[in-house]
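Asker: Structure below; questions to follow.
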Amino acid sequence: MRVSMVNDDVLRIGVVKNGHKYRESPAVVVKPTVDLASGENKIGPWLVKVNEDSVHVNVDGVEVNLRFSYSNGQFTIRGNLGLADIVYGLGEKALPLNRKRFRVTMWNTDAYGYRYGSDPLYVSIPFFIVTRNHVSVGHFADSTARMVIDLGVERGDEFTVTVNDDQVDYYVIRGPRLRDVVTRFIGITGKPALMPKWALGHQQSRYSYYPQGRVLEVAKALKDMDLGNTVIYLDIHYMDGYRIFTWNSERFPNPRDMVKKLHESGIKVVTIVDPYIKVDPNYQVFKEGINGNYLTLDSDGGLTIVQGWPGKSALPDFFNREARDWWSSLIERWVRDYGVDGIWLDMNEPAAFDYPNHTVTSKVITHRLDDGSRVSHDYLHNAYALYEAMATYEGLRRAGKRPFILSRAGYAGIQRYAAVWTGDNTSNWEHLKLQLQVLLGLSISGVTFIGADVGGFAKYVPGDGGSRLFTLTPELLVRWYEWAIFFPLLRNHADVASPDQEPWAFGPRALELIRDLLRLRARLTPYLYSLMWISHINGEPIVRPLVYEFPNDDEVMNIDDEFMLGPFMLVAPMLNSGTSREVYLPGGEWVNLWNGEVLKGGYHMVDAPLGKPPVFLKSGSLVPTQESEGVLGILAVPGDGEFTVYDDDGESQSPTPSTLSLRISGDRVTVGDWANPMPQLPTTVILKVYLGKEPSKVMVNGVEVPKARFSAEPGQPSWYFEGRLINIRVKVGSETMII
Ligand code: GLC
């Protein structure tokens, strides 16, 4: 056992079985700095007592007692759990936000048609947060092998982490606030990638759009129906016999031309890339893989063969640099040759049809590490997708792109390379609610660019001894968009056997409601993009459970049917059929986005007609919006608040952002000057402030400005009042007082 500080806020306890050769973790981007001696150590806010097989920590007044043991190829770590402790985190789990009294497994799994309680799913993040009397402490058991985490099931006063590995790096991460733990966890596992701005567009997918003409037709429909900035996905049918990095020439006789046409209408193209390399001696990628020794082998030295989409398939061995480098070059060539914009990594648990639960597991399958040693798949399983994403990211960078990668599987640290979606969910009301719980768990476990298949993926789900059939209704689809538009990844996707579910598939009324929601989404892009930057810089989630923002409000501890978009916007979506719901608003005052009505903190019954999800803005809100082409709006609520708008060209690789600082104090709004301005940034800003009544006058930089209607175009400062909103046109670098 080696106990060290990683930095002032993170303690690391490394345990290794005698004689075992330590493997570097792909999750962690920092190294331990100071080793602690056995006995008592006092470092800043930490008191750490190191014994032979236990470590006692007191940090921020919280006692954490950890006991380590090893037997039969397993490390077990036991820790104390208090009666009123609450547990968050654990990444992608089909469980409530508070994960206490559940036992989960970490083993990336193809979980088609999963339900509430199904476990494990596709992503493994063995990180959890224990909150006691509003003070949070994080735990991260870093091992990519199978692990079971029991949070008080076996014994109410104890959590246990059982790891099928000969090494574990166990991290204790200090708070005291939940947000401190989350951002510090990101501090050690790496900053979320900055995605291209187009990734915030409305994305359309299905399994699968083909032939080429159909793809163009879908693109045209999206444009004709004004359904927002778009991305189209190509699922597995574009390939020649499911050979990755090829096109089916009958279905796609001219892919370059198709991509060019899509780009001309402003649409980006993302192609799926599975890890399956068809075993076919005449297939170039297979030949390269064999010749370069880039493929996974069994322990007897033979090629590992699994059943994938192409039938018999080999698997790239992403665990060594040479294989990753080869993969990066395949991605680079693919992107350069066809102008593809982003890569969708699927089946990367890795899934295989000839294994139990459709998921590879085997001691016989081995991987070659950088030092040439071979390690059984079972120790590395959960990192397969992470290394694949790493190599894919590098390939996109080499092709000159700011990478957009959407991955199904992942491990802690996946946020450095990829967005994650929640896999094969189902088109029913159970999932409308469940998906939120899954996503909120991911968002406080470091993965910030996330979303779920809008409308639900699967319609036929095995279960209850037969196959259960689900139908998507217009109501459910609209309700789904109602909360999905607030998530960074907004993608409608459906299974091969599912009826169509594009926004237009359910007639004019649903289409109109969805279009309005997508317009709201487009308006919110500056807020979302700024939040993406903030997550990239500070590791803050984009979408946050209420407890992240209001850690001292006991009422929100278990709330997972409402969420915050950034610091200001509370969304309380309709999750069942009906037209109203109860909403909890944490202390203070909130403004209803739709009608400007002011509500005090507490429980309220709120109207939620179809197409209008209950959304509230906190006092002191400053939400940057896109009012029209080149016109920045700021939706504000009187109170005290600050926000920084971030912008850049949306696609360069390592940009320095232009920033605009905003402040509100009572009825006084300060808009700074752009820092590091790039060309063509808006200099006119439209302030939209919710007020109870029309003010008597408005002063900008000490001078009274006229009351006069204005169009959205730039022009001189003036103001008008409408509904409960005052609209004030100002320039950047101004201070506005509403009197
Ligand atoms: C998997 C993916 C799904 C995709 C399908 C075909 O089920 O999760 O999104 O459409 O494979 O590629």
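Asker: Using a 1.4 Å probe over the heavy atoms of the protein chains, calculate the carbon and sulfur portion of the accessible area of segment 114-187 as a whole percent.
Answerer: Ligands and nucleic acids excluded, carbon and sulfur give 42 percent.
Asker: Once you place label points 7 Å from the Cα toward the Cβ at Asp516 and Asn133, how far apart are they in nm?
Answerer: Taking the simple label geometry, Asp516 and Asn133 are separated by 5.0 nm.
Asker: Also, quick follow-up: What full-extension length gain, to one decimal in nm, is calculated for Asp607 and Ala497 as 0.36 nm per residue of separation minus the Cα-Cα distance? Intermediate values should be presented prior to the final figure.
Answerer: On the way: separation 110, 0.36 × 110 = 39.60 nm, distance 3.57 nm.
Answer, rounded to one decimal: 36.0 nm.
Asker: Which one, Thr304, Thr109, Gly289, is farthest towards the positive end of the dipole of the chain when Lys and Arg carry +1 and Asp and Glu -1 on their Cβ?
Answerer: The listed residue farthest towards the positive side: Gly289.
Asker: Taking Cα pairs under 8 Å and at least six residues apart, what relative contact order does segment 507-576 come out at, in percent?
Answerer: Relative CO of segment 507-576 lands at 20 percent.
Asker: Can you compute 3J(HN,Hα) from phi for each residue in segment 589-604, using the Karplus curve 6.51 cos²θ - 1.76 cosθ + 1.60 with θ = phi - 60°, rounded to whole Hz and x for Gly and Pro?
Answerer: Residue by residue, segment 589-604 yields 10, 10, 10, 6, 4, 7, 10, x, 5, 9, 10, 7, x, x, 8, 9 Hz.
Asker: Which whole-Hz ³J(HN,Hα) couplings does segment 314-320 yield from phi under the Karplus relation 6.51 cos²θ - 1.76 cosθ + 1.60, θ = phi - 60°, glycine and proline marked x?
Answerer: So the J values, rounded to whole Hz, are 9, 10, x, 9, 5, 7, 10.
Asker: Could you report segment 147-210's accessible area per residue, 1.4 Å probe, as an integer in Å²?
Answerer: Computed with neighbouring chains in place, this is 24 Å² per residue.
Asker: Follow-up question, since we're still on this one. Could you give the accessible area per residue of segment 223-365, probe 1.4 Å, as a whole number in Å²?
Answerer: On a per-residue basis, 39 Å².
Asker: Report the gain in length on full extension from Ser628 to Arg214: 0.36 nm times residue separation, minus Cα-Cα distance, nm rounded to one decimal.
Answerer: Residue separation times 0.36 nm, minus the Cα-Cα distance, leaves 145.9 nm.
Asker: Further question on the same structure: For segment 359-449, what is the charge dipole size about the Cα centre, in debye to the nearest 20, if Lys and Arg each add +1 at the Cβ and Asp and Glu each add -1 at the Cβ? Numbers along the way, then the final one.
Answerer: Values: 10 positive and 7 negative charges, 60 e Å.
It works out to roughly 280 debye.
Asker: Using the structure shown, select from Lys278/Lys312; Lys220/Lys260; Lys100/Lys191 the pairs with a Cα to Cα distance greater than 18 angstrom.
Answerer: Lys100/Lys191
Asker: Which one of Gly602, Ala494, Thr579 has its Cα pushed farthest toward the positive end of the charge dipole of segment 486-615, where Lys and Arg give +1 and Asp and Glu give -1 at the Cβ?
Answerer: Value computed over the given set: Ala494.
Asker: Also, I was wondering about something else. Can you order the peptides 211-221, 490-500 by their average number of other Cβ atoms within 10 Å per residue, highest first?
Answerer: 490-500, 211-221
Asker: Give me the accessible area per residue for segment 501-646, probe 1.4 Å, as a whole number in Å².
Answerer: 34 Å²
Asker: Per-residue ellipticity at 222 nm for the chain, helices alone: DSSP H runs ≥ 4 residues times -39500 (n - 2.57), over residue total, nearest 500 deg cm²/dmol? Mind showing how you got there, number by number?
Answerer: Working: 12 runs with 141 residues, N = 739.
Taken over the chain, the calculation gives -6000 deg cm²/dmol.
Asker: So how strong a dipole does the chain carry about its Cα centre when Lys and Arg Cβ are +1 and Asp and Glu Cβ are -1, to the nearest 20 debye?
Answerer: The dipole magnitude comes to about 640 debye.
Asker: Calculate the spin-label point distance for Leu681 paired with Asn558, positioning each point 7 Å from the Cα along the beta-carbon direction, and give it in nanometres.
Answerer: 4.6 nm
Asker: Can you find, among Ala419, Gly19, Pro638, the residue sitting farthest towards the positive end of the charge dipole of the chain, where Lys and Arg contribute +1 and Asp and Glu -1 at Cβ?
Answerer: Towards the positive end, the residue furthest out is Pro638.
Asker: Roughly how big is segment 1-100's charge dipole about its Cα centre, with Cβ charges of +1 (Lys, Arg) and -1 (Asp, Glu), in debye to the nearest 20? Kindly include the intermediate steps, with their values, before the conclusion.
Answerer: Details: 13 positive and 11 negative charges, 83 e Å.
With Lys and Arg at +1 and Asp and Glu at -1, about 400 debye.
Asker: Using a 1.4 Å probe over the heavy atoms of the protein chains, calculate the carbon and sulfur portion of the accessible area of segment 430-548 as a whole percent.
Answerer: 57 percent
Asker: Distance from a point 7 Å along Cα→Cβ of Tyr22 to each backbone N in segment 132-170: keep the residues under 18 Å and list them by number.
Answerer: 140-145, 165-170
Asker: Ignoring ligands, DNA and RNA, what percent of the 1.4 Å accessible area of segment 23-96 is carbon and sulfur?
Answerer: Details: 1750 of 3450 Å².
Roughly 51 percent of what the probe reaches on segment 23-96 is carbon or sulfur.
Asker: Sticking with this structure for a sec: Can you give me the C-alpha center-to-center distance between segment 588-633 and segment 670-739, rounded to a whole angstrom?
Answerer: A separation of 19 Å, based on Cα centres.
Asker: Shifting gears a bit: Averaging over all projection directions, find the projected area of the Cα convex hull of the chain and quote it in nm² with one decimal place.
Answerer: Dividing the Cα hull surface by four gives the mean projection, 31.8 nm².
Asker: Shifting gears a bit: Work out how much length Glu475 to Arg709 would gain on full extension: take 0.36 nm times their residue separation and subtract the Cα-Cα distance, in nm to one decimal.
Answerer: Answer, rounded to one decimal: 80.5 nm.
Asker: For the residue pair Ser329 and Arg2, what label-to-label distance in nm results when each label sits 7 Å from Cα along the Cα-to-beta-carbon direction?
Answerer: Those two pseudo-labels are separated by 3.5 nm.
Asker: If you don't mind, there's one more thing I want to ask. Do you know the relative contact order of the chain, to the nearest whole percent, from alpha carbon pairs under 8 angstrom that are 6+ apart?
Answerer: Relative contact order, the chain: 10 percent.
Asker: Another question about this same structure. Between segment 393-433 and segment 56-72, what's the alpha-carbon centroid distance in Å?
Answerer: 34 Å
Asker: Moving on to the next point. Need the C-alpha centroid separation for segment 325-353 versus segment 634-659, integer Å.
Answerer: Their Cα centres are 32 Å away from one another.
Asker: Could you sort the peptides 602-612, 54-64, 543-553 by per-residue average Cβ neighbour count (10 Å cutoff), highest mean leading?
Answerer: 543-553, 54-64, 602-612
The values are calculated or read from the model by the stated rules, or taken from the named source; none is laboratory data. Fair warning: this is a prediction, and the values are worked out from it, not measured in the lab. Using ideal geometry, Cβ is built from the backbone for each residue, glycine included, and neighbour counts are taken over all protein chains shown. Areas reflect the complete protein model, heavy atoms only, side chains present, ligands, DNA and RNA absent. Shrake-Rupley method; radii C 1.70, N 1.55, O 1.52, S 1.80 Å.
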